[in-house]
1. Given 0.36 nm per residue, what is the gain on full extension from K88 to V103 after removing their alpha carbon distance, in nm?
2. Quick one: which of K3/K70; K54/K92; K3/K69; K87/K147; K127/K170 span more than 18 angstrom between C-alpha atoms?
3. Going from most exposed to least, what order do Y40, Y62 have by accessible area with a 1.4 Å probe?
4. Calculate, in nm to one decimal, what R112 and T5 gain on full extension: separation in residues at 0.36 nm each, minus their alpha carbon distance.
5. Computing the accessible area with a 1.4 Å probe over protein heavy atoms, can you report the carbon and sulfur percentage for the chain?
6. Enumerate the aspartates and glutamates that K129 could reach by cross-link, defined here as Cα to Cα under 13 Å, with residues fewer than 8 away along the same chain left out.
7. Under 10 Å, Cα contacts only: if you run a Gaussian network model on the chain, which one of K85, K123, K170 comes out with the highest mean-square fluctuation?
8. Using the membrane-span-like helix rule (whole DSSP H runs, Cα extent along the own axis of at least 15 Å, mean Kyte-Doolittle hydropathy at least -0.5), which helices of the chain qualify?
Amino acid sequence: MGKATSNWIFSIDTDEYVTEELEAEVEDILRNPDPDIGGYFVPRRNFLGKRRMKFATLYPDYQLRLFVKKGTKFRKAVHETVEIKKKKGYLKNDLIHLTYVDVAGYVNRINRYTSLEAEAMFKKGRKSKLTDFVRPPILFLKLYLLKLGILDGFIGLVNSIFLIFYSFLKYAKLRELYMANSKNEEKIS
């Protein structure tokens with residue numbers, strides 16, 4: 001972001017691409033920007049393999065991706081968020097997100113991201129609690145039934161299970177970091 005020369009930034013990941021409709025919408029905004037708006041949320045269309053996910057909070061999956069460079073900061077190491085003090089707007093056209101090609105790729109990403117999140121929480125002094133481990137089954141019911149993940153068929157079931165596994169694994173790794181740290185302290189003293 002520091003090397004960008006434009007006043008506006010459109011942040012995109014390597015597994016995402018912009019549709020022609022979204023490109024035209026962004027160009028319209030840049031030609032005549034609203035001075036009160038500092039950023040725009042973009043609806044993201046997620047795919048697991050070749051299957052479009054429509055439910056379980058995966059659509060429209062708004063992401064703050066178009067924003068004014070000045071006064072903007074990124075937060076977090078995983079699933080970065082953009083911090084903007086000005087008002088935010090919403091775009092209509094989708095950003096395409098090719099989330100995972102296959103189950104193995106999904107599992108590898110879950111493993112990598114949960115390790116990064118656990119380390120970040122550990123550095124902030126966050127400890128895992130019993131409620132962190134009770135929450136995943138409740139999350140499953142919310143995603144699969146209340147948020148209609150069931151309507152995405154088998155891949156909706158897989159995704160709902162993986163999302164609760166993500167939550168569980170993140171806190172299990174956090175607990176493991178604390179346990180490893182306390183054992184090291186005991187051996188030293």
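The values are calculated or read from the model by the stated rules, or taken from the named source; none is laboratory data. Please read these numbers as outputs of a predicted model, since none were measured by experiment. No Cβ is skipped: glycine too gets one built from the backbone with ideal geometry, and neighbour counts run over all protein chains shown. Each accessible area value is taken on the protein alone, full model and side chains, heavy atoms only, with ligands, DNA and RNA left out. Shrake-Rupley method; radii C 1.70, N 1.55, O 1.52, S 1.80 Å.
1. Value of the extension gain: 1.9 nm.
2. Violating the 18 Å limit, Cα to Cα: K87/K147.
3. Y62, Y40
4. Contour length minus Cα-Cα distance gives 35.3 nm.
5. Carbon with sulfur: 57 percent of the solvent-accessible area.
6. List returned: E176.
7. Maximum among the listed residues: K123.
8. Once both thresholds are applied, what remains is 103-123, 130-141, 153-188.
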